[in-house]
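Worksheet: the structure to be examined is printed underneath.
What follows draws every value from the coordinates through simple rules; no lab data is involved. In this text, all values refer to a predicted model and were calculated from it rather than measured experimentally. All Cβ positions, glycine included, derive from the backbone under ideal geometry; neighbour counts span all protein chains shown.
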Amino acid sequence: MPRRMGRRPLTTAAAPFRQRDQWPSAEMQQRLIEECGQIPGVRLRRSRMAPPDTWALYLPDGIATGPPEAFIDQHEFCHVHGLPEGGLHLVLPHDMLARVVDMGWAARHPIRACGVLETLAMVYAPRDPDELRVALHLVRCARWFAAGALASVPTAPAAQVA
C-alpha cells in the first residue's frame with residue numbers, strides 16, 4: 001500500500017471522533033457511498049452509532065460470520081460520515097490496521113483506550129480518485145474481516161499517491 005500524500009488531517013481528540021480538515025468534495029463523497037453499496041453482500045442503512053447523516057455498511061445474517069471485533073454494532077463493519085467530514089470508521093484486523101495507520105491512511109479510534117473495539121479506526125476521507133481507490137480497498141478488507149474470510153483479502157490497488 002502506498003503512503004498517503006501530505007500531512008494527516010486534524011482530528012478531534014475524543015469521541016465523537018471526527019476529521020476536522022482535508023474534507024472531500026461532494027462528488028467524491030457520493031462516489032464513495034455509491035461504490036460501497038456495490039460491494040457484494042454489503043447493505044446500506046443509517047448508522048445507529050453515528051449522526052443521522054452517516055451511512056452504515058453492514059452484512060446480512062449468514063454473511064456476517066467474522067469475529068466480534070470485526071463489527072462496530074450488530075453487523076455494521078463500517079460507516080461513512082456525512083459532509084463536510086466524509087471520513088470512514090471501520091474495523092480491520094490488528095496487523096492490517098497497524099500498517100494502514102503507519103502508512104498515513106487512518107488513525108486508531110480513541111475508544112480503544114477504554115479497551116473497546118481495538119480494531120476500530122478512522123480512515124481519512126478520500127480527496128481524489130487515487131485516494132478513493134485506497135479507501136474502497138480498505139472498506140473491502142473490512143468487509144472480508146466481517147465475513148470471516150481473511151484469507152481472501154486482495155492485494156492493495158495500484159495508486160498514484162506517494
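Once the range 68-89 is narrowed to residues that are part of a loop (DSSP other than H, G, I, E, B) and of a type in the set (A, V, I, L, M), the residue that is surrounded by the most Cβ atoms within 10 Å (Cβ to Cβ) is I72. Criterion applied to R108, R112 was being in contact with a helix residue (DSSP H, G or I) (Cβ under 7 Å, 6 or more places away or on another chain) and free of Cβ contacts under 8 Å to residues at least 40 places away in the same chain, and the one residue passing it is R108.
In the set (1) over 18 Å from L97 (Cβ atoms); (2) polar (S, T, N, Q); (3) touching a residue at least 40 places away in the same chain (Cβ under 8 Å), Q19 fails one condition alone, (1). Identify all residues within the range 44-66 that are loosely packed, with under 14 Cβ neighbours inside 10 Å and touching a Phe, Trp or Tyr at 6+ places or on another chain (Cβ under 8 Å); write none if there are none. Of everything in the range 44-66, those that are loosely packed, with under 14 Cβ neighbours inside 10 Å and touching a Phe, Trp or Tyr at 6+ places or on another chain (Cβ under 8 Å) turn out to be R45, R46.
Would a scan of the range 25-36 turn up a residue that is in contact with a strand residue (DSSP E or B) (Cβ under 6 Å, 6 or more places away or on another chain) and part of a loop (DSSP other than H, G, I, E, B)? Scanning the range 25-36 turns up no residue that is in contact with a strand residue (DSSP E or B) (Cβ under 6 Å, 6 or more places away or on another chain) and part of a loop (DSSP other than H, G, I, E, B).
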